[in-house]
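Below: one structure, written as structure tokens.
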Amino acid sequence: TAKGKRLATIANAWPEIDEFWIKDASTKDYVRDEIGAQRVFGREDLSLPSAKVSANSAAKAAGEGASQARVLIIGAEEHMTRILVNLGDADTTMRKDTQCALAVPCDACCCGPNCTPFDAARHAMCDLDCPLNRIAMGGIDDDLMDLARSLRTDIPVSTRPFHLKQAVESAPAIPTLQGLYCLSAVTLPYGNADIANAADELEQYYMKEVRCQIDLGVSAESFLEDEDGSLEKAAQRALGASCRISLSPELWSDESQRNLRDCIGLSLRDLPLVFWDGSETKVFIRILPAAAECTKKGEILHFSKPSTTAEVKAEGQQAGVPDATHKTVAEWKLEQE
């Protein structure tokens with residue numbers, strides 16, 4: 001969408017010089033200026049349509065200029081195994097907001113030579129030679145693939161590294177974290193019934209044209225709700241709903257997370273605490289230290305700093321290349337049986 005909430009599509013793009021030609025979605029004509037000349041847009045003039053947000057939530061977000069939060073959790077094998085086992089089997093009978101989760105090895109979070117940069121409007125950005133896409137394909141079983149394709153019989157449906165790919169591009173140190181894993185939520189395309197029942201034109205576009213593949217996302221995402229009060233609280237709530245996990249305030253805090261990055265020898269430039277997707281979405285990156293204590297509260301796994309003074313240094317300080325130990329959800333479960 002161009003600023004002013006007009007629904008439009010990109011007709012021609014020259015990203016290297018930040019120039020885009022836009023067509024109005026209703027008239028199908030190029031957008032022109034006051035004198036009739038074809039208007040050239042830049043990235044700052046455009047935003048991706050997203051699901052409708054309540055007026056109250058938008059007002060609350062105004063302080064930060066944003067209304068949506070995402071969070072990516074990075075942790076060691078033991079913690080990821082517990083999380084995946086706690087989540088259980090993926091539902092292969094109906095679409096859910098989060099279908100399942102994958103523990104993606106950080107050193108496999110890289111793209112191939114023919115992959116294109118993240119672009120939410122593209123149905124595919126990575127090919128079969130992409131290490132990250134191969135992890136996605138290996139983690140989706142046939143029943144889940146059949147369900148996804150049944151939801152959108154009008155288009156080809158396949159796996160797509162999505163917001164996880166964007167996070168890796170924004171935090172370039174992630175592929176160097178050998179021995180650590182990214183917790184990635186998998187979402188399926190919206191079905192025709194959901195699209196037909198969309199609240200408005202923008203939401204319908206988002207469901208039909210954007211979230212139309214089997215997407216490898218970050219760990220959780222949510223719009224700001226009335227009870228949240230901040231994007232940070234929205235991200236924490238989303239973790240519970242999507243992955244059934246929570247982090248103690250001490251583990252979540254910026255100070256604790258800076259210390260963990262110092263232990264691994266990384267700067268905030270290479271592994272930021274947060275980054276922004278446009279002006280409306282704040283993305284948090286949080287590390288689970290290997291020594292974190294895990295307790296179960298109902299369906300939620302709660303992670304906290306160790307009660308002793310044992311070192312909370314994260315595992316996987318050394319960079320490395322992908323190896324044969326990468327595991328899918330099914331393989332994690334087999335190890336627990």
Taking N as the residue count of segment 119-180, its alpha carbon Rg divided by 2.2 N^0.38 Å gives 1.27
Expected field for Asp97, accessible surface area in Å² at 1.4 Å probe radius, rounded to 10, holds 120
One quarter of the C-alpha convex hull surface, i.e. the mean projected area of segment 176-278 in nm², amounts to 8.7
Which residues qualify? For Leu180, with a placed amide H closer than 5 Å and at least 5 residues away or on another chain, they are Cys106, Asp107
Using alpha carbon positions and the Kirkwood radius, the Rg to Rh ratio of segment 108-227 is 0.98
Computed from the beta carbon distance with a Förster radius of 22 Å, FRET efficiency for Asn12 and Ala124 to the nearest 0.05 stands at 0.70
GluC sites (Glu not before Pro) in segment 184-266 lying in a DSSP loop, each with at most 11 other Cβ atoms within 10 Å of its Cβ, come to Glu227
Taking Cα pairs closer than 8 Å and at least 6 residues apart, the relative contact order of segment 149-244 in percent is 33
The size of the Cβ-based charge dipole (Lys, Arg +1; Asp, Glu -1) of segment 110-256 about the Cα centre, to the nearest 20 debye, is 480
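The values are calculated or read from the model by the stated rules, or taken from the named source; none is laboratory data. Here the structure is a predicted model, which is why all the values come from computation and not from measurement. Note: ideal-geometry Cβ built from the backbone for every residue, glycine included; neighbour counts use all protein chains shown. The accessibility values were calculated without ligands, DNA or RNA, using every heavy atom of the protein model including side chains. Shrake-Rupley method; radii C 1.70, N 1.55, O 1.52, S 1.80 Å.
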